[in-house]
Amino acid sequence: MDLYNEIVDIIRNKVADIRHVDVETLDENSNLKYDYQIKSTEMVVVISALEDEYDAYIDLMKLNKFDTIGEIAKFVQELLEG
């Protein structure tokens, strides 16, 4: 599995846990702000999982401008690949 898809899977699993939804209902086009009403405090949990997995710092303020799982995953991938 490539890095992008790994990141998507981590985000999908965390969001499914937080919002108590089936992970299969989430894909890279899922809009976390509007479809799943993810709050900033809940995004911290998602970011923490990614930071732990990749031993990296992810700026929540920069991440807040993205809405979909795919947009977030691409941002994190670019950050990690530097």
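Here are some notes:
- Residues that are crowded, with 16+ Cβ neighbours inside 10 Å and among the small types (Gly, Ala, Ser), drawn from segment 25-48: Ser30
- Among residues of segment 1-28 that are over 17 Å from Asp67 (Cα atoms), those with a beta-carbon under 6 Å from a residue that is surrounded by fewer than 19 Cβ atoms within 10 Å (Cβ to Cβ) and not small (Gly, Ala, Ser) at least six positions away or on a different chain give the pairs Leu3/Gln77; Val23/Asn13.
- Residue pairs meeting the criteria (Cβ under 7 Å; at least 6 apart or on separate chains; first without any contact (Cβ under 8 Å) to a residue 12 or more places away in the chain, in segment 56-82; second crowded, with 17+ Cβ neighbours inside 10 Å and of a type in the set (A, V, I, L, M, F, W, C)): Phe66/Ile72; Phe66/Phe75
- The condition (being closer than 11 Å to Ala73 by Cβ and surrounded by fewer than 17 Cβ atoms within 10 Å (Cβ to Cβ)) is satisfied by just one residue among Asp2, Asp22: Asp2.
- Residue among Asp35, Asp55, Asp27 that is modelled with pLDDT of 95 or more and over 12 Å from the mean Cα position of the chain (by Cα): Asp55
The values are calculated or read from the model by the stated rules, or taken from the named source; none is laboratory data. In this text, all values refer to a predicted model and were calculated from it rather than measured experimentally. Neighbour counts are summed over all protein chains in view; Cβ atoms, including those assigned to glycine, are modelled from backbone coordinates with ideal geometry.
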